[in-house]
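To start, the structure under review is shown below, and the notes come after it.
The values are calculated or read from the model by the stated rules, or taken from the named source; none is laboratory data. If you're wondering where the values come from, they're calculated on a predicted model, not measured in any experiment. Virtual Cβ from ideal backbone geometry, glycine too; neighbours counted across all protein chains shown.
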2 protein chains.
Amino acid sequence: MSKQASEVAQGLAKQKGRTLSAIVELQIEQDIIDGLYRPGDRLDEEELAERLSTSRTPIREALRKLAAIDLVTIQPRSGARVSRPNMAQIIELFEVISALEGFAAKLAATRATDEQLAAIIAAHDTCEELAVSGDAKAYFDANGVFHRAIWTAANNLMLIDQITAVDKRLAPYRRQITFHPGRKQDSQSEHAQIARALAERQPEIAEKAMQEHVMILSDDALQLARDLRL
Amino acid sequence: MSKQASEVAQGLAKQKGRTLSAIVELQIEQDIIDGLYRPGDRLDEEELAERLSTSRTPIREALRKLAAIDLVTIQPRSGARVSRPNMAQIIELFEVISALEGFAAKLAATRATDEQLAAIIAAHDTCEELAVSGDAKAYFDANGVFHRAIWTAANNLMLIDQITAVDKRLAPYRRQITFHPGRKQDSQSEHAQIARALAERQPEIAEKAMQEHVMILSDDALQLARDLRL
DNA sequence: TTTGTATCTCTTGTATACTAGAGCTACAGA
DNA sequence: TCTGTAGCTCTAGTATACAAGAGATACAAA
């Protein structure tokens with residue numbers, strides 16, 4: 001885990017106007033989302049401090065912030081670990097995000113500007129191409145763009161914050177899902193249904209379609225979590 | 001602001017198994033929710049440290065955590081203030097919480113145990129009594145109990161976390177709403193509608209009723225925010 | 001009077017030193 | 001061998017010292 005991260009860390013040019021604490025926070029968060037640190041991994045303060053060439057103070061502040069959004073779990077006098085939700089909690093998180101993303105789709109159906117709608121369609125088209133030709137990683141990224149385009153079209157920044165927060169916690173599990181064979185095709189037809197509902201400005205249909213789309217991911221994620229012996 | 005808080009702070013018996021940092025966090029959070037610190041108020045580290053009889057370190061960690069959940073806003077090298085969402089953001093937050101609480105009601109309609117349903121009805125009855133006889137503060141608290149009973153009946157802990165997080169941010173605005181004359185009666189009939197839908201196990205109706213109930217609060221909160229010249 | 005700038009102050013950001021509790025280790029007794 | 005406990009070690013929690021940037025202040029020039 002240390003080699004690659006270390007190099008990334010060295011590349012951290014001291015950014016202006018940002019505190020070390022904030023830079024460290026972003027770095028650790030990204031490492032967790034990227035899977036460099038996996039759920040359950042210990043996050044030793046001194047080790048991190050050395051790796052990121054700072055004192056423990058900014059590390060501690062960063063860990064506290066990550067703990068506040070539940071990406072990290074701190075046991076008093078024992079230390080920080082990457083949070084490892086159990087199966088029940090993963091299901092619950094997917095339920096929450098399905099509700100939030102469903103709501104986003106519902107709002108988007110009535111509020112999306114023409115440009116925002118166009119962006120959604122464009123993202124959908126990209127997914128379509130990559131579903132056939134591209135590699136799994138590319139499709140995963142394109143999928144993210146599609147979803148975020150819908151969040152944006154809801155025109156509610158607080159909602160985006162909220163979805164993003166939950167999304168981060170699910171990242172370690174959600175990441176691998178689209179790699180499953182056959183899933184891409186299914187996902188595409190679901191996306192198509194959602195995109196159509198949005199284009200036709202049908203809030204209820206868009207909401208329901210999105211909710212179901214997300215909950216199907218939940219099943220896959222659970223399978224994955226099971227494979228990882230959670 | 002300092003007098004009352006100071007006394008509260010002195011009352012902080014050093015709790016076992018809890019870090020100072022955690023105690024301080026809870027204290028500041030409660031002070032914000034209680035309205036002791038109002039949106040926009042400056043949170044001076046040294047002043048807080050003296051008030052709570054600690055060094056700056058636990059204060060800083062607490063403030064960082066509160067900033068992570070957006071209850072506090074930190075401007076680098078300038079300090080922390082109680083977050084002050086603008087009107088648009090308040091509306092957005094109410095939209096988000098209406099979606100989440102609506103979802104909770106929907107889940108509760110199918111998942112609530114008999115005991116949980118009984119608790120909801122009981123809370124509703126308490127509200128009913130207080131709407132007629134009690135003071136505003138008592139009604140506000142009972143209202144909270146009613147809502148939380150529904151969150152609980154959704155049987156999804158992550159959802160509760162999420163709702164709670166948003167609820168905290170709205171606390172300064174939501175707090176005064178039930179004080180408005182006449183609102184209590186309206187609120188009660190809405191509660192009755194929700195309770196009935198839950199008892200009859202009708203998810204869609206419960207969801208819609210809850211969503212509307214919350215969005216009506218939004219209007220009141222906005223009026224309040226306007227009065228406070230936000 | 002106003003505006004620009006230099007300096008100074010005051011708070012925050014970071015590092016380091018010190019304290020203390022959790023959990024491991026090793027040894028003694030059953 | 002197993003179990004309980006003493007103590008030891010190692011990391012986290014807290015305090016304090018030091019650095020640095022933002023914003024205030026005061027003065028000079030237009």
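Numerical summary
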quantity: Output for region B:84-96, where each listed residue is among the hydrophobic types (A, V, I, L, M, F, W, C) and either within 11 Å of another protein chain (Cβ to nearest Cβ) or touching a Cys at 6+ places or on another chain (Cβ under 7 Å) (or both); calculated: B:Ala88, B:Ile90, B:Ile91, B:Leu93, B:Phe94, B:Val96
quantity: Some residue of region A:25-48 being within 12 Å of DNA strand C (Cβ to nearest atom) and in a loop (DSSP other than H, G, I, E, B); calculated: no
quantity: Pair list, Cβ under 9 Å, 6 or more apart: region B:28-42 residue within 20 Å of B:Thr54 (Cβ to Cβ), other residue among the aromatic types (Phe, Trp, Tyr); calculated: B:Ile28/B:Tyr37; B:Asp31/B:Tyr37
quantity: Flag for A:Arg84 being surrounded by fewer than 17 Cβ atoms within 10 Å (Cβ to Cβ) and touching a residue at least 60 places away in the same chain (Cβ under 8 Å); calculated: yes
quantity: Index of the failed condition, B:Leu100 passing every other in (1) closer than 30 Å to A:Gly102 by Cα; (2) among the hydrophobic types (A, V, I, L, M, F, W, C); (3) surrounded by 21 or more Cβ atoms within 10 Å (Cβ to Cβ); (4) not assigned by TED's automatic domain parsing to the domain that holds B:Gln162; calculated: (4)
quantity: Any hit, region B:160-179, residues being at pLDDT 90 or above and polar (S, T, N, Q); calculated: yes
quantity: Answer from B:Ala99, B:Ala109 - the residue that is touching a Pro at 6+ places or on another chain (Cβ under 7 Å) and either within 12 Å of chain A (Cβ to nearest Cβ) or assigned to a helix (DSSP H, G or I) (or both); calculated: B:Ala109
quantity: Those residues of region B:183-230 which are in contact with a helix residue (DSSP H, G or I) (Cβ under 9 Å, 6 or more places away or on another chain), among the basic types (Lys, Arg) and over 18 Å from B:Phe140 (Cβ atoms), in sequence order; calculated: B:Arg196, B:Arg201, B:Lys208, B:Arg226
quantity: Sole residue being in contact (Cβ under 8 Å) with a residue 40 or more places away in the chain, within 11 Å of DNA strand D (Cβ to nearest atom) and not assigned by TED's automatic domain parsing to the domain that holds B:Ile163, chosen from B:Ser53, B:Ser78; calculated: B:Ser53
quantity: Flag for B:Arg60 being of a type outside the set (Gly, Ala, Ser) and assigned by TED's automatic domain parsing to the domain that holds B:Val24; calculated: yes
quantity: Among (1) more than 16 Å from DNA strand C (Cβ to nearest atom); (2) touching a residue at least 24 places away in the same chain (Cβ under 8 Å) - the single one B:Leu63 does not satisfy; calculated: (1)
quantity: Filtered residue count, region B:49-83, keeping only those that are assigned to a strand (DSSP E or B) and more than 10 Å from chain A (Cβ to nearest Cβ); calculated: 7
quantity: Within region B:56-74, tally of residues that are within 11 Å of DNA strand D (Cβ to nearest atom) and among the hydrophobic types (A, V, I, L, M, F, W, C); calculated: 2
